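The next block holds one structure in the form of structure tokens; read it before the comments.
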Amino acid sequence: MDIEDIARNYERMPDHEIIRIATTDARGLRPEVFSIIKDEIRKRNLDPDLLKGAIAQNKEYTKEEIEHYSKLLQNLPCPICGNATSKLNGTLSYTVKSFILFTSYRADPSIGCPDCLDKKNNDAILSTALLGWWGLPWGLIKTPVYIYKNINAKKQNRIINSNDALLGFTLMNIGEIETYKDNTEKLKKIIKSRNY
């Protein structure tokens, strides 16, 4: 597509599509497209910080920079229970479910306070222990591995600094976090909408 076609395409998009692209889907856009997005944001009188979100998705970050962004999330109330006294972190809950010849396994990310994250991992351990073994051969292989992964994930739920799960979540959502870093309500919605 040439640049004029791209510009016309963006002109036809509704506001919510421009916002979505700028905050979550701008990774890998050609540099000349950023000026088109900037023009559309200005013409439509949208939040100028949306462009910052698009640029943020196309930048290389050091671990320290990602930790800085994750601190914005750590100080929010827990999206699961509402607790505002504990610092948030992240976890992955690993589950296996088997039905004789069919085995499904997945890792669900969650952001929350340490107590809620422990509960997520405990629920995944219980579910996997009860439902994971019944498939051949993967149920028998994956079940003990995923129980072990949940036990290891729980060890990271109570560390003071941002753990790997929260840092990964931060990097995956860096465009939205940069766009709304001064808007606590929007940041709360971001973490709430991504919890499983």
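Things worth noting here:
- In summary, Thr24 fulfils each of the numbered conditions (1) over 23 Å from Lys189 (Cβ atoms); (2) surrounded by 15 or more Cβ atoms within 10 Å (Cβ to Cβ) with the single exception of condition (1).
Residue-wise test of (1) under 12 Å from the mean Cα position of the chain (by Cα); (2) among the charged types (D, E, K, R); (3) surrounded by 14 or more Cβ atoms within 10 Å (Cβ to Cβ).
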residue	(1), (2), (3)
Thr143	no, no, yes
Tyr146	no, no, yes
Lys154	no, yes, yes
Ile159	no, no, no
Asn163	no, no, yes
Leu166	yes, no, yes
Asn173	yes, no, yes
Tyr196	yes, no, no
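- Note on the stretch 105-196: enclosed helices (runs of 4 or more DSSP H) holding 2 or more residues that are within 30 Å of Arg20 (Cβ to Cβ) and of a type in the set (D, E, K, R) are 174-179, 184-194.
- Within the stretch 99-125, the set of residues being surrounded by fewer than 17 Cβ atoms within 10 Å (Cβ to Cβ) and over 30 Å from Asn75 (Cα atoms) comprises Phe99, Ile100, Leu101, Phe102, Ser104.
- Test for Ser70: is it touching a residue at least 60 places away in the same chain (Cβ under 8 Å) and part of a helix (DSSP H, G or I): yes
- Filtered by the rule that a residue be part of a loop (DSSP other than H, G, I, E, B), among the aliphatic types (A, V, I, L, M) and in contact with a helix residue (DSSP H, G or I) (Cβ under 9 Å, 6 or more places away or on another chain), the stretch 79-100 gives Ile80, Leu88.
- Checked against (1) on the phi > 0 side of the Ramachandran plot; (2) crowded, with 23+ Cβ neighbours inside 10 Å, Gly82 passes all but a single condition, namely (2).
- For the stretch 120-138, residues that are in contact (Cβ under 8 Å) with a residue 12 or more places away in the chain, farther than 15 Å from Gln156 by Cβ and not hydrophobic (A, V, I, L, M, F, W, C) total 5.
- The one condition in (1) surrounded by 13 or more Cβ atoms within 10 Å (Cβ to Cβ); (2) touching a residue at least 24 places away in the same chain (Cβ under 8 Å) that Ile3 fails to fulfil: (1)
Here, each number is a calculation from the coordinates, and none is a lab measurement. The shown structure was predicted, so the numbers you read here are calculated from the model rather than taken from an experiment. No Cβ is skipped: glycine too gets one built from the backbone with ideal geometry, and neighbour counts run over all protein chains shown.
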